[in-house]
Amino acid sequence: MMTKIAFVRKKEIPPSAPPITEVGLIGWLRQNLFSSWLNSILTVLSVYFIVIILWDFIPWAYGGHWNTKSLRECLDLDPDVACFSVLTARWKQLLFGLYPAEEYWRPTLTFIFLLLAIVPILFPKFFRFFWFSIIYPGLAVWLLWGGSFWSISIVYIGLTLGALFFLTLIRRYLKNYMIAAILAFLFTAVFFLFISNPLVGLLNVILPISLPFVESLKMGGFTLSLIVGVTGIVASFPIGILLALGRQSNLPVIKMICVGFIEFIRGVPLITLLFVASVLLNYFLPPGTNFDIVLRVVIMVTLFSAAYMAEVIRGGLAGLPLGQHEASASLGLTYWQSQRLIIMPQALKISIPGIVNTFIGLFKDTTLVSIISLRDPVGLASTIRADQKWNGIYWELYVAIGLMFFIFCWGMSQYSQYLERKLKTDK
Amino acid sequence: MSSPTLPPSESFKFSMLLSDTRYRGMSLQVITFIIFMAVFFWLVDNTIKNLALLDKDVSFNFLWLRAGYDINQRLIPYTSDSTHGMAALVGILNTLLVAFVGCIIATVLGLFVGILRLSKNWIVAKLMSAYIEGFRNVPVLLWIVMVFALLTEFTPAPRAFKGAEPEATMLFFESVAITNRGTYFPAPVLAEGAYWLLLCFGLSIVAVIYFIRYANKQKKDTGKSLPTFWISVAVIIFPTLILFFAMGQPVSLEYPYLKGFNFKDGIHLRNSFLALTLALAFYTSAFIAEIVRAGIMAVSKGQSEAAASLGLRPNKIMSLIILPQALRIIVPPLISNYLNLTKNSSLAIAVGYMDVRGTLGGITLNQTGRELESMLLLMGFYLAVSLLISSFINYFNRSFQIVVR
Amino acid sequence: MEKTKINITDEVAIHISDMNKWFGNFHVLRDINLEVRRGERIVVCGPSGSGKSTLIRCINRLEEHQKGSIIVDGTELTTDLKNIDKIRSEVGMVFQHFNLFPHLTTLENCTLAPMWVRETPEKEATEIAMEMLEKVKIPEQAHKYPGQLSGGQQQRVAIARSLCMKPRIMLFDEVTSALDPEMIKEVLDTMIQLAEEGMTMICVTHEMGFARQVADRVIFMDDGQIVEQNEPEEFFKNPKSDRTKLFLSQILGH
């Protein structure tokens, strides 16, 4: 006994609006804030909590003094509001350390150029400006430390000559890359050992371009944090790649050295390595050498960052679709060629969020140099607080420094999340 | 039938060292090894020369020499007459204490924040997100210094508790005092019968273990579940509590009290310890919260849908399906963060807390001038801790791997 | 092809009337009216986005409907948790992506729900599980983990897992869409076997051969509405609506 089940819809049902409790403001409120008893209680508690905090914070911040000469003056005027005058008085120091005031344009320009130099790397559209990113390190060093223009550019000149020498050898005379590389290396070494200094002297006479010299100990504030952080991350990049490749290698000696290095660095706190930089590094170098402290710190920070970078890149290499190695090998590419053309670009693309996270961590870690008495913002905070005029201030100063770090780091992490999302959809 | 021709055998050429796959690996390793050894010997040679110039030698004898300095926070007996080695040990215990307490607080906070971050309640989720981003994006050293400043500048001096109308009062029924010299808690005083209490407590725990086993067996055999959680709580608490009162309260509290300008008695937690531990705990909790969130989100929605469509209730879905899978993802990075917290504890010097770096790598190093040896020992300690923790992570990964073809 | 005709009783298993559902502003299910008798086997087909998966997910409350009513085995689906639990233990569901619990063995996957929802002792639960695993023809995989099984085997385990709760209604949500072609047959054979034993089932699927062999009714949905329904032979031979004709030409073309 089957009832007739054939059915054909004659009239289309048009879409209609959902009931009012589902959408719009009411719907959103119901689903997100008040969907159950527990949620409603949580909402009320949270709102109460936020209101309490803002109730105290806003009047304190809004009515703050910006122009008094000391903390005492602030307190005399009105002890219940913020004393932001410390920032007005000391913001230059927080940004530039003890850098001579008339030269402030130099670190500022360096920072602006930094942003410009990053663009070709982060946005492939502008890759034709990559030459700027390459000359930027030399430009930055010259702008910050000063001295003769030629002493810095001689490095670029020497390396370029060496590269040209190598290419000429390959094109015209030799087939073997290895021998050509060794010869070019020797040529560059000879250049730097014997020719560079007289050449610099000559150029200085013909066309003197120089900036007043500023010593490292005068650098401080956020400028110092950026110098250490950016140099560290950029220099650690190639080292990190080599370490990651070495760690994966089949050759036991290379693998052991790389693994040993990475595990050692990751096992000790950065502060011990910085301490090594400030105290012990002199023991490891020939007697009589005396390195610039900032340079020593940068070296240690670079090595530190390289180990973490290596792990991130290792993760990227692991995330590669299987078979890339086999595919490139079957095309006849050598190890280095396949790395350069196929493996690394893909691995690096996957690793970018991890690399940005490493950079954020590194940038935060630059505050540790305050413990070996370099004048980064945290170190400066202690100095400022020790000053008689500002003795006892803490909220305003720390909140300002914290806010600067927060803006920078949070901005970078938002960028990294944006990248991750883009990479996911890119596939 | 012709005999097969063999390929012509090649004679050995030097360029084969690099181009022939049979020799290439070996050659590269030999070259690397030589370069590595050369650099290593150069470094060692420099060090020897430098040490000779300064008339120093390498020895660890200093560990047995008299230290000559005081450490104001310590877990074991120590005086300025103890050896440097003892001072190092005090420092190590201080480091481990901060790490241990910090990790516990960080885990509890991190779990709480991480789970709340997943809440459907928009305000709560945003608040938790603000917490996480706020702590993560500010350097930990700044937090340590800030919390320390807060505890020393914002809190009253002990003498503010004095008088009939004191400016400051103690919390929790006159038992806890937060001052700018530290926080004072009541200290437990163990009288005669206290050890019986401990025994009773231990027995309760054993009883709970057996009870849980029994409950599991019951579940297997009859299918019925027993309310294990509440019964366990009752068994742990009540016997010991009853015995406590029956024996006339053999554990009492020694309250801190104000004498002169300072508090006496009770447990005194200095601000350096509190600042370091709390700052590290809050900072690390933000990272743990993200790990917890990522772990729970990594378990695909289909898992809870399948479980729900089988009729499982939400709390069972969480405990039987989601958590076991989420924990496998959460535990390795969680332990990694414990390691980070331990390493970050070396920033203790910024607030004057005597951890291993403050003693061995700080005062001992300065007084004896034994920079190389102290740093080696210091780094050795951290390496040992880190290797221990890494091997634990590896062990965990291997034992709890989800089996895949 | 012999079509097995089972007695469809008069008892109503699922009764959906004037059911409407919105996802935000999107009206995904519009005025759905559907009555499923006990023993009836229904195939639901339609283009993607037509709401067919959403429909069956509303039946076991994986999705909530905003208007109208759904009554399963005499119990109405509301926000009352007790009703939802009762209905879920009577209705089994098999998913497109299997959703087996990867940290448990096949056997444990199957005994989990009986032990924790019905408080069945372990021994009895294991017996039931082995019985179901034999029914889907993979008893030897009882102690393997899902990661060690092929797609077809995993889906059959998923079917066995649902059967262990002795449901009276089975819902299949595109269960062969994620399988390699050579494994589709083994899963379809299992479903045919279930159908021949008289299980009330609603299958969302593209497998029209299966529909022809097993279904008592084929329903075509588009734009959130039931556009056409009929017995399989009539449905495939004489589709009445233009939209049905278009859909069939796309599906049966290759």
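The numbers here are math on the coordinates, done by the rules we state, and not lab data. Source: prediction; values computed, not measured. Every residue, glycine as well, gets a Cβ built from its backbone with ideal geometry; the counts of neighbours run over all protein chains shown.
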Amide proton proximity set for A:Ser210, modelled H, under 5 Å, gap of 5+: A:Phe149
Set of aspartates and glutamates with alpha-carbon distance to C:Lys123 below 14 Å, sequence-local pairs under 8 removed: B:Asp221, C:Glu108, C:Glu131
Inter-chain Cβ neighbour average for residues C:55-65, partner chain, 10 Å: 1
Size of charge dipole - the protein assembly as shown - debye, nearest 20, with Cβ of Lys, Arg +1 and Asp, Glu -1, no other charges: 1480 debye
Of the DSSP H helices in chain B, those whose Cα atoms cover at least 18 Å axially and whose Kyte score averages 0.5 or more: B:21-53, B:84-117, B:122-136, B:140-153, B:194-222, B:228-246, B:271-298, B:371-400
Given charges at Cβ of Lys, Arg, Asp, Glu: the protein assembly as shown dipole, positive-most of A:Trp395, A:Leu280, C:Ile70: A:Leu280
The protein assembly as shown - share of DSSP beta bridges that are antiparallel (%, nearest 5): 65 percent
Other protein chain Cβ atoms within 10 Å, averaged over every residue that makes up B:131-140: 6
Rounded to whole Hz, the Karplus (6.51, -1.76, 1.60) HN-Hα couplings of the range A:412-420, x for glycine and proline: 5, 6, 5, 4, 5, 5, 4, 4, 4
Helix C:181-196 axis, angle to chain C major axis (alpha carbon atoms, nearest 10°): 90 degrees
Mean Cα-pair separation over length for the range B:67-161, i.e. relative contact order, pairs under 8 Å, 6 or more apart, %: 13 percent
Protection proxy ranking of B:288-301, C:161-174 - average other beta-carbon atoms within 10 Å, highest first: C:161-174, B:288-301
Cysteines not pairable in chain A (beta carbon separation under 4.7 Å absent): A:Cys258, A:Cys409
Positive dipole terminus of the protein assembly as shown, leading residue within A:Leu87, B:Ile317, B:Leu150 (C-beta point charges): A:Leu87
Calculated from backbone phi, Karplus (6.51, -1.76, 1.60) coupling profile of the range A:252-268 in Hz, x at Gly/Pro: x, 4, 5, 4, 5, 4, 5, 4, x, 4, 4, 5, 5, 4, 6, x, 10
Mean Cβ neighbour count within 10 Å, used as a protection proxy, ranking A:97-105, C:133-141 highest first: C:133-141, A:97-105
Peptide C:85-91, shielding by other chains (average Cβ, 10 Å cutoff): 3
Amide H partners (placed H, <5 Å) of C:Asp222, local residues excluded: C:Val227
